[in-house]
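J.: First, the structure itself, so that you have it in front of you.
The values are calculated or read from the model by the stated rules, or taken from the named source; none is laboratory data. It should be emphasised that the depicted structure is a prediction, and the values quoted were computed from it without experimental measurement. Glycine gets a Cβ as well: all are built from the backbone with ideal geometry, and neighbour counts include every protein chain shown. Please note that ligands, DNA and RNA were not included when accessible areas were found on the heavy atoms of the full protein model with its side chains. Shrake-Rupley method; radii C 1.70, N 1.55, O 1.52, S 1.80 Å.
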Amino acid sequence: MVVTVRSLGLSGLSGYEVTAECFLSGGLPAFDVVGLPDAAVREARERVRAAVKNCGARFPVSRITINLAPASQRKEGTVYDLPILLGILAASEEIPALPEDAAFLGELSLSGTLRPVTGVLPMALCAARLGIRQLYVPAQNAPEATLAQDITVYPVESVAQLVAHLKGEAPIAAAKPWQPEPSADTHLPDFADVMGQENVKRALEIAAAGGHNVLLIGSPGAGKSMLARRLPSILPRMTREESLQTTEVYSVAGLTDPNHPLVTQRPFRSPHHTASPISLTGGGSVPRPGEISLAHNGVLFLDELPEFDKTSLETLRQPLEDGMLTITRVSGSLTLPSRFMLVCAMNPCRCGWYGHPDRRCTCSEKQVENYMRRISGPLLDRIDMHVEVPSVEYEAMRRKESPEPSAVVAQRVNAAREIQRRRFEGTGVACNAYMTPSMIGAYCQLDEAGDRLMQGAFDRLGLTGRSHDRILRMARTIADLDGCENIGAAHLAEAIQYRSSTLLK
């Protein structure tokens, strides 16, 4: 007799249905798992055998064949332990027939308890799309699985508990849908800690309001990293759709918090400058998300930008344009979301003091030029704002009044984002930084004075078509912060100044 148990698998960030087919036959005792299993799936045989015996059931003395369908797709991980065990118990009539609208997943310990697995949210979302109404998962994964909605999630502590539930002896209570706390205090670093640097704060406010990429250039101790690390405190609130997208990435990477499974705070990823291309993009023999995808809907902060390997930096070019990243390996291709704000910080030269008023720089012009050449022109062209961060003056450090707190700035950012949400509703575009060329033509119209200003900047600064469009997007954001329907000359002039850094020439 063949027993089928519904389960789920992962292909990148997408879930798909897997059916565990169990067949008991005569002959010498054996236990075979087929259907392109990896080493972890093949090792399920020993975990299942021990778990069956330790939960008080009888392990059949017969030839056992488990087929994980579709057999053409490689199966990875320990998620199939539970469906394999249930298939064996159902085939040997230790438990009644399983519900047709139920799916099971989870890793087994030798004692029969269930351990959590990764990627539960995308699998739960897939289950809901497939019409599965009951999902049995390890108890620690249950809060995450309830985020899928329209599906009943049962938290399972052990095989013995699940067997009793399936026999109708001791039903398991369904997990309640997880809800975030209404007023969770995130304790983010605040802009009120930063003395001076009002121009840089203004630039970061514009970047947060429109989702623009930023490069901060300044001498050591000017506050570049300090300012960048306070950017999350003024970023706009995440929508539920954005939270689910980001949580799917973190779920596959195994980074979700069991007690707070939904990512509600925009990610801020800050890899070290020794990061390899694969650690940034993701990949490996079993492709997994890298820093670029973990920053989806948030910020990727690259401190000491010229110290990064050039190959690593060039991997950013395509994701910055497309908002997604495709990794191709022998085993297949994987497409990951990568819509993030790129925030970079760098010194103007190797010693860090080029252009400083006291002229303490020890670098020659050639050394400065070589240092700047570590960052390619195509990458710089994709960064909207080039902001010079001057050294803080003594008077600013001794100022009595407290700087503007992040909460006040965040109110303006959220108001500007609400204007953009209404403007782009139904288009799939979230903010001004992602406007398509047709949207730029529709929403970034210039008057006669603005057109003359733009033409002069285009010729004087040697702008490219890409930088021209990025300036218009920034001008649209500045106008939104001012609550203006049309882009004025002042908005455009401020946007142009962010593309005219003297340190990058």
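J.: Here are the criteria: (1) among the aliphatic types (A, V, I, L, M); (2) closer than 23 Å to Thr477 by Cα; (3) within 19 Å of the chain's Cα centre (by Cα). Tell me which single one Ala203 does not satisfy.
T.: (3)
J.: Output the residues belonging to region 1-24 that are open to solvent by 30 Å² or more (accessible area, probe 1.4 Å) and either more than 16 Å from Glu100 (Cβ to Cβ) or without any contact (Cβ under 8 Å) to a residue 40 or more places away in the chain (or both).
T.: Answer for region 1-24, where residues must be open to solvent by 30 Å² or more (accessible area, probe 1.4 Å) and either more than 16 Å from Glu100 (Cβ to Cβ) or without any contact (Cβ under 8 Å) to a residue 40 or more places away in the chain (or both): Met1, Leu10, Ser11, Ser14, Tyr16, Phe23, Leu24.
J.: Going by what's in this entry, would Arg382 be described as under 26 Å from Tyr434 (Cβ atoms), modelled with pLDDT of 85 or more and open to solvent by less than 80 Å² (accessible area, probe 1.4 Å)?
T.: Spelling it out, Arg382 is indeed under 26 Å from Tyr434 (Cβ atoms), modelled with pLDDT of 85 or more and open to solvent by less than 80 Å² (accessible area, probe 1.4 Å).
J.: Might you check whether a residue that is in contact (Cβ under 8 Å) with a residue 40 or more places away in the chain, touching a strand residue (DSSP E or B) at 6+ places or on another chain (Cβ under 6 Å) and not small (Gly, Ala, Ser) occurs anywhere in region 187-198?
T.: no
J.: For region 245-349, please list each of the helices (runs of 4 or more DSSP H) lying entirely inside it that holds at least 2 residues being among the aliphatic types (A, V, I, L, M).
T.: Answer list for region 245-349: 277-281, 291-294.
J.: Sticking with this structure for a sec: Mind checking which residues of region 154-165 are open to solvent by less than 30 Å² (accessible area, probe 1.4 Å), touching a residue at least 12 places away in the same chain (Cβ under 8 Å) and part of a helix (DSSP H, G or I)?
T.: Of everything in region 154-165, those that are open to solvent by less than 30 Å² (accessible area, probe 1.4 Å), touching a residue at least 12 places away in the same chain (Cβ under 8 Å) and part of a helix (DSSP H, G or I) turn out to be Val159, Leu162, Val163.
J.: Take Thr311 and decide whether it is touching a residue at least 12 places away in the same chain (Cβ under 8 Å) and over 26 Å from Ser14 (Cβ atoms).
T.: Considered against the rule, which asks whether it is touching a residue at least 12 places away in the same chain (Cβ under 8 Å) and over 26 Å from Ser14 (Cβ atoms), Thr311 comes out as yes.
J.: In this structure, does Thr502 turn out to be at pLDDT below 90 and more than 31 Å from the chain's Cα centre (by Cα)?
T.: yes
J.: Does region 298-310 hold any residues that are open to solvent by 20 Å² or more (accessible area, probe 1.4 Å) and under 25 Å from Tyr434 (Cα atoms), and which are they?
T.: Asp303
J.: Please work out which one of (1) in contact with a Ser or Thr (Cβ under 8 Å, 6 or more places away or on another chain); (2) assigned to a strand (DSSP E or B) is the condition Glu144 fails and give its number.
T.: Condition (2) is where Glu144 drops out.
J.: Among residues belonging to region 407-417 that are under 22 Å from the mean Cα position of the chain (by Cα) and of a type outside the set (S, T, N, Q), point out the one that is nearest to His187 (Cα to Cα).
T.: Among them, the one singled out is Ala410.
J.: Does region 361-376 include one or more residues that are touching a Lys or Arg at 6+ places or on another chain (Cβ under 7 Å) and either under 24 Å from Asn297 (Cα atoms) or touching a residue at least 24 places away in the same chain (Cβ under 8 Å) (or both)?
T.: Yes - at least one qualifying residue is present in region 361-376.
J.: What tally of residues in region 326-339 results from selecting those that are buried (at least 23 other Cβ atoms within 10 Å of the Cβ) and free of Cβ contacts under 8 Å to residues at least 60 places away in the same chain?
T.: 1
J.: Condition check: within 25 Å of Gly298 (Cα to Cα) and either open to solvent by 60 Å² or more (accessible area, probe 1.4 Å) or touching a His at 6+ places or on another chain (Cβ under 9 Å) (or both). Does Asp469 satisfy that?
T.: No; evaluated as a whole, the condition is false for this residue.
J.: Out of the residues in region 219-236 meeting the condition of being touching a helix residue (DSSP H, G or I) at 6+ places or on another chain (Cβ under 8 Å) and assigned to a loop (DSSP other than H, G, I, E, B), tell me which one is surrounded by the most Cβ atoms within 10 Å (Cβ to Cβ).
T.: Within region 219-236, the match that is surrounded by the most Cβ atoms within 10 Å (Cβ to Cβ) is Leu235.
J.: Let me ask something else about it. Could you say which residue among Ala164, Ala207 is among the hydrophobic types (A, V, I, L, M, F, W, C) and farther than 20 Å from Asn414 by Cβ?
T.: Exactly one residue qualifies, and that residue is Ala164.
J.: For residues in region 248-272 being surrounded by fewer than 22 Cβ atoms within 10 Å (Cβ to Cβ) and hydroxyl-bearing (Ser, Thr, Tyr), which is nearest to Ser14 (Cα to Cα)?
T.: Looking at residues that are surrounded by fewer than 22 Cβ atoms within 10 Å (Cβ to Cβ) and hydroxyl-bearing (Ser, Thr, Tyr), I get Thr264.
J.: How do the pairs read when you match residues in region 88-101 that are closer than 9 Å to Leu166 by Cα and hydrophobic (A, V, I, L, M, F, W, C) with residues anywhere that are at pLDDT 90 or above and not in a helix (DSSP H, G or I), using Cβ under 7 Å and keeping only pairs 6 or more apart or on different chains?
T.: From residues that are closer than 9 Å to Leu166 by Cα and hydrophobic (A, V, I, L, M, F, W, C), the pairs are Ile95/Lys167; Leu98/Val5.
J.: Continuing with the same structure: Quick one: Arg374 ticks every box in (1) open to solvent by 60 Å² or more (accessible area, probe 1.4 Å); (2) in contact with a helix residue (DSSP H, G or I) (Cβ under 6 Å, 6 or more places away or on another chain); (3) not in a loop (DSSP other than H, G, I, E, B) except a single one, so which number is it?
T.: The number of the failed condition is (3).
J.: Could you check region 254-265 and list, in sequence order, the residues that are more than 11 Å from Pro180 (Cβ to Cβ) and in contact with a Gly (Cβ under 9 Å, 6 or more places away or on another chain)?
T.: Scanning region 254-265 gives a single hit, Gly254.
J.: May I ask you to list the residues in region 392-437 that are under 17 Å from Lys224 (Cα atoms) and touching a Ser or Thr at 6+ places or on another chain (Cβ under 6 Å)?
T.: Matches in region 392-437: Ser406 only.
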